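Each remark here refers to the structure printed beneath this line.
The values are calculated or read from the model by the stated rules, or taken from the named source; none is laboratory data. All of these numbers come straight from a predicted model, not from anything done at the bench. Counting neighbours? That spans all protein chains shown, and the Cβs are built from the backbone with ideal geometry, glycine included.
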Amino acid sequence: MGLHELELRNFRLFDHLALRFEADSVTVMQSENGTGKTSVLEAIYALATASSFRTHSAADMVRTGEGLAEVHGVMSHQQRRVQIDLTLTRGARNVTKKMLVNGQRPRSRADISAALPVTVFTPEGVDMVRHGPDQRRIFLTNVVTDVDLTAGEMVERFERTLRQRNAFLKALRGDNPSPSQRDELAVWDGDFVATSHALVAVREKIVAALSPLVSDFYEQLSLKASDIRVHYERSWNGDLASALPGAWRDDLARGYSTLGPQRDDLLVSINGRDARRQASQGEQRSLALALRLAGHELVRVSRRVDPLLLLDDVFSELDPGRSHRLLGLLPVGQTLVTTAIPLAVDLPVAHTIDLSKVTRGAL
């Protein structure tokens, strides 16, 4: 597969931008900071996930002063032409997203993941292991939905149930629920437990497949043999249905669910040490890179496709040794790289784009 055309309108700093890429090759976007290199990768990521790797607010992707942003992409996928169109419309309170795949609304995340699987490496992602659990959960969700196209609907069911349970808890405003409200909460609890069990089962299966791959990639990145383990860490003990009643007072006081998959984490250990707290910065970065590479490989093998690889100024965050070893581990397929300075690694670059010239109307 490969992304051939990308067009942006009122996205971030761009009023209009049109780019062409070569499939199955490396394209480098090299220009000064502030010219929109990361925004281009963000737009591609948004086509693949309907979200951003930079912000939780879709409004940030709409150009300042504008009410609507558009992202259009044309790609080939298993010898088929696929067009994805994303429209972001700014409203009074939030931004409405509209996505079309070949002119049709996607029925679930599966339709989007099937069209454009993506792996992204960012400076923040390089520190994924030592940061909070949000990034690790997002990473895991993306791998789950890219590996198993049927999992997207299940993820959406869980998220919908979580929102409804949280809305009910928030509406109680910390008051003790009446008998009828307790009955209603029990209904939400039943739905929440069922969707949580389904999601955790898929997550744990994916983590079990990731763990040996992470160990292998880590050894190649660090050039040392280590005992690397990746384990799914639940936010509760025992059965979730039994744990929820013990947490409901805390849930009520906070106005949201304190137990469940939305609070779970990936436990990464190195030689028996918790890598989140006890590994060196170099070890943590190698582990984060190994996780990304493992996720990419799992998607590639499971789906028999090469996900689009996005590298956002990653090499500037790595020492020369890790940079060259990462380069040697990059999979085949299409790769888009951003950098503000000439790369210190020897990438087989097919095309270089200077966005400072493109934004002025010349390529």
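Taking the conditions exactly as written (surrounded by fewer than 19 Cβ atoms within 10 Å (Cβ to Cβ) and among the aliphatic types (A, V, I, L, M)), does Ala46 satisfy them or not? Spelling it out, it is not the case that Ala46 is surrounded by fewer than 19 Cβ atoms within 10 Å (Cβ to Cβ) and among the aliphatic types (A, V, I, L, M).
Residues Ser280, Ser302, Ser257, Ser211: which one is surrounded by fewer than 22 Cβ atoms within 10 Å (Cβ to Cβ) and at pLDDT 95 or above?
Sole residue among the options that is surrounded by fewer than 22 Cβ atoms within 10 Å (Cβ to Cβ) and at pLDDT 95 or above: Ser211.
Taking the listed residues Thr35, Thr27, the one that is crowded, with 17+ Cβ neighbours inside 10 Å, touching a strand residue (DSSP E or B) at 6+ places or on another chain (Cβ under 9 Å), in the same structural domain as Asp346 (by TED's automatic domain parsing) and in a strand (DSSP E or B) is Thr27, with no other qualifying.
Considering region 26-77 alone, what residues qualify as being among the polar types (S, T, N, Q) and over 13 Å from the mean Cα position of the chain (by Cα)? Thr27, Gln30, Ser31, Asn33, Thr35, Thr38, Ser39, Ser57, Thr64, Ser76, listed by residue number.
Residues in region 39-69 that are more than 20 Å from Leu336 (Cα to Cα), not hydrophobic (A, V, I, L, M, F, W, C) and not in a helix (DSSP H, G or I): Thr55, His56, Ser57, Arg63, Thr64, Gly65, Glu66, Gly67.
With the requirement that a residue be out of contact with any strand residue (DSSP E or B) (no Cβ under 6 Å at 6 or more places or on another chain) and not hydroxyl-bearing (Ser, Thr, Tyr), what does region 62-83 give you? Matches in region 62-83: Gly65, His77, Gln78, Gln79, Arg80, Arg81.
Answer yes if at least one residue in region 151-168 is over 19 Å from Arg54 (Cβ atoms), assigned by TED's automatic domain parsing to the domain that holds Arg229 and outside any helix (DSSP H, G or I), and no otherwise. Before you say what the answer is, go through the steps one by one.
Applying the first criterion (over 19 Å from Arg54 (Cβ atoms)) to region 151-168 yields 151-168.
Subset that is assigned by TED's automatic domain parsing to the domain that holds Arg229: 151-168.
Narrowing further to those that are outside any helix (DSSP H, G or I): none.
No, there is no match, as no residue in region 151-168 is over 19 Å from Arg54 (Cβ atoms), assigned by TED's automatic domain parsing to the domain that holds Arg229 and outside any helix (DSSP H, G or I).
Write out, first by first residue and then by second, each pair whose Cβ atoms fall under 7 Å of each other, whose residues are 6+ apart or on separate chains, and whose first residue, in region 153-171, is closer than 16 Å to Thr258 by Cβ while the second is surrounded by 15 or more Cβ atoms within 10 Å (Cβ to Cβ) and among the acidic types (Asp, Glu). From region 153-171, the pairs are Thr161/Asp191; Leu169/Asp251. Candidates are the residues of region 1-46 that are in contact with a Phe, Trp or Tyr (Cβ under 8 Å, 6 or more places away or on another chain) and acidic (Asp, Glu); the one that is farthest from Thr89 (Cα to Cα) is Glu5.
Per-residue answers, yes or no, for (1) farther than 21 Å from Ser323 by Cα; (2) in contact with a helix residue (DSSP H, G or I) (Cβ under 8 Å, 6 or more places away or on another chain):
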residue: Ala247; (1), (2): yes, no
residue: Asp251; (1), (2): yes, yes
residue: Tyr256; (1), (2): yes, yes
residue: Ser269; (1), (2): yes, yes
residue: Glu283; (1), (2): no, yes
residue: Leu293; (1), (2): no, yes
residue: Leu298; (1), (2): yes, yes
residue: Val301; (1), (2): yes, no
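Are any residues in region 172-200 surrounded by 13 or more Cβ atoms within 10 Å (Cβ to Cβ), farther than 28 Å from Val144 by Cα and in contact (Cβ under 8 Å) with a residue 60 or more places away in the chain, and if so, which ones? Residues satisfying the conditions are Leu172, Pro177, Leu185.
In region 106-130, the residues that are surrounded by fewer than 19 Cβ atoms within 10 Å (Cβ to Cβ) form Cβ pairs under 6 Å with partners that are among the small types (Gly, Ala, Ser), at six or more places apart or across chains, as follows: Ser108/Gly152. Checked against the criterion of being without any contact (Cβ under 8 Å) to a residue 24 or more places away in the chain, in a strand (DSSP E or B), within 20 Å of Phe21 (Cβ to Cβ) and not acidic (Asp, Glu), region 70-77 contains not a single residue that satisfies it.
Val40 passes every criterion in (1) buried (at least 18 other Cβ atoms within 10 Å of the Cβ); (2) farther than 26 Å from Gln135 by Cα; (3) modelled with pLDDT of 95 or more apart from (2).
Any idea which residue in region 131-150 is surrounded by the fewest Cβ atoms within 10 Å (Cβ to Cβ), counting only those that are out of contact with any Lys or Arg (no Cβ under 6 Å at 6 or more places or on another chain), of a type outside the set (A, V, I, L, M, F, W, C) and in a helix (DSSP H, G or I)? The selected residue is Asp134.
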